[in-house]
Amino acid sequence: MNGFKEFKGTLRRLTCLALAGCTALSLSLTAFADEPYESYNYDNWDEAIPSQVGYTVERTVTGEDMGLERLSTQGDSLYYSDDASASLSEAKDIYAFNDEELWIADTGNNRILRLNSDLEVTGRYYGVIGESQLDTVATSEDGTESLFNEPQGLFVMTSPTTGLQTVYIADYSNSRVVRAYVKSDTELVLEQEFVQPTEALYTSQTFNPTKVLVDYAENVYAVVKSVNTGSVQFSSDGSFTGFFGANRVEVTASVIAQNLWRKIASNEQISGMSRNVPVEYANFDIDDDGFIYTVTEVSTDTDAVKKVNPAGYNIWDNSVGDEYTFGDNTTAVYDTATKTTYSTKLTDIAVDSDGLINVLDYETGRIFQYDRLCNLICIFGTKTSAADQRGSFSSPNAVDTLQDKVLVIDGSQTRNDLTVFVKTKFGESLHEAFALFDEGLYVEAASYWEEVIKCDGGYTYAHIGLGKADLKNGDYASAMERFEIANDKDDYDKAFEYYREEWLQNNFTGIAVVVIIIVVLLFARWILKRRGIKIFKRKKKKKEAQ
């Protein structure tokens with residue numbers, strides 16, 4: 001019996017793979033031809049299956065496309081110098097402001113760029129007006145500006161205090177985070193510097209901030225290289241207030257063994273042991289509700305991606321029984337297009353106004369998009385050394401969303417460009433379906449799930465979504481079929497329970513009549529037996545001759 005069940009389960013999985021492969025191949029040949037990678041998704045068995053592309057490349061934007069030659073054109077309002085570079089150089093970060101502007105940390109050129117929604121340059125900033133409190137910060141020739149030195153992160157907001165457009169910049173090699181308001185297309189005015197804390201709690205010998213974000217109370221959080229106790233937190237006035245949201249140490253066999261050994265080892269032996277410390281996270285983002293999302297580049301199952309509440313605790317905690325996975329489900333991924341094996345290295349995260357979560361994997365060049373409940377929606381992008389393949393990257397450093405588009409900045413020497421992804425028809429159906437699904441509007445989402453099924457017959461959540469719609473409509477038999485296809489055991493059990501109750505209700509009269517008849521017959525048989533009346537006489541077998 002167990003062997004039959006295993007065979008049945010394998011057959012279902014093969015059927016799903018066949019459905020997914022056929023629909024993806026027949027409906028997305030054009031899309032695959034445009035992209036340098038094969039799109040895939042994961043089923044409920046955590047196995048990669050072919051899928052339609054949710055996003056496709058609209059265009060790639062270079063410095064020339066942005067109009068950066070304006071910075072070296074005399075007479076232009078954005079003119080800086082005759083030798084100002086017209087290309088990006090090792091850009092480390094991007095930030096979309098109010099779905100109207102895109103800001104770029106052009107790290108190699110020591111400048112910050114501002115682009116409009118058409119991705120054309122409208123502002124450039126090489127420093128901030130005002131004197132730095134750090135003697136090591138270089139100034140402009142006229143002494144009015146303190147110049148940036150490898151700015152690696154930025155955050156833009158409208159200050160709730162002043163009402164001005166305010167920019168926070170992680171000025172890496174200047175060992176500071178600056179807060180400045182936008183005075184013009186070429187001038188930022190320094191308001192506050194956040195520098196290395198002098199308190200004993202801060203034990204690092206350096207202060208090199210790589211990323212920065214700000215909450216609604218204007219508290220500043222900085223990811224600092226070599227600091228693994230969480231982001232460094234400052235109040236609005238520049239005072240150090242502690243650390244926020246530290247990663248936990250991943251519990252492995254070696255960690256457990258070392259902790260046990262420490263209990264019985266001598267001081268000399270303990271001093272020779274390696275320390276088990278949490279790893280620092282690489283990047284973060286903040287959503288409209290004030291929750292901070294972090295990503296860690298080191299391949300780990302512990303705190304790879306976190307949603308941190310104001311108290312600093314991870315809401316997505318697998319240790320309490322829930323399961324959250326991000327990135328590829330395997331430790332090593334073989335890309336058939338590039339014929340290369342990669343390991344996951346999550347480097348950036350962007351949460352849009354609809355709650356969609358985009359996680360960028362540096363090693364694979366893939367963007368993993370999730371809904372607000374951490375359900376995987378789609379995967380797109382790839383990594384390659386070729387410089388002319390659309391939708392692929394050499395050094396994908398940052399991801400963000402502008403309106404309904406997903407943008408990725410590539411900071412490699414061969415590219416230094418910005419890739420713009422737009423939703424396909426399949427992606428639009430997915431987003432509509434998930435938006436309604438997450439709100440519990442299962443019936444309203446059904447038509448969109450049907451569109452998804454037309455494009456990808458093996459898309460797991462489409463079957464789950466349709467199953468929940470059937471459940472809501474009282475079609476329990478159909479719901480059971482949907483949940484069985486998706487291998488959704490919990491919902492299948494729920495549908496079966498409702499189906500059983502409905503069947504009992506619909507057939508109660510017939511069941512009651514049968515039960516009554518059986519009881520009457522048994523009672524009559526008992527009465528007759530007590531009176532010595534035999535209904536059936538058994539024939540005695542003749543004894544065999546001995």
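Coordinate-derived values only; no laboratory data. Keep in mind the model is a prediction, meaning the values are calculated, not measured. Don't worry about glycine lacking a Cβ; one is built from the backbone with ideal geometry, like all the others, and counts go over all protein chains shown.
Sorted by mean Cβ packing within 10 Å, highest first, what order do the peptides 55-64, 156-165 take?
55-64, 156-165
What full-extension length gain, to one decimal in nm, is calculated for D493 and S173 as 0.36 nm per residue of separation minus the Cα-Cα distance?
109.4 nm
Taking 8 Å as the Cα distance limit and 6 or more residues as the minimum spacing, I'd like the relative contact order of the stretch 53-209 as a percentage.
15 percent
Roughly what would the spin-label model give for V182 and I315, points 7 Å off Cα along C-beta, in nm?
2.9 nm
Can you pick out the pairs among K225/K383; K306/K345; K92/K211 whose Cα atoms lie more than 21 Å from each other?
Beyond 21 Å between Cα atoms: K225/K383.
At T203 and T144, where each label point lies 7 Å from the Cα along Cα→Cβ, what is the point-to-point distance in nanometres?
Each label point is offset 7 Å from its Cα along the Cβ direction, giving 4.6 nm.
Under the 0.36 nm per residue contour assumption, what length would be gained going from the current alpha-carbon distance of L373 and F291 to full extension? Let's see the in-between values first.
Details: separation 82, 0.36 × 82 = 29.52 nm, distance 1.40 nm.
The L373-F291 span can extend by a further 28.1 nm.
At 10 °C and 1.306 mPa s, what whole-number value in µm²/s does Stokes-Einstein give for the translational diffusion of the stretch 347-475, with Rh from the Kirkwood sum over Cα pairs?
102 µm²/s
What distance in nm lies between label points placed 7 Å from Cα along the C-beta direction at E38 and E450?
The answer from the label model is 3.2 nm.
Summing +1 for each Lys or Arg and -1 for each Asp or Glu, what net charge is found among the other residues whose Cβ lies under 12 Å from the Cβ of N174?
-3
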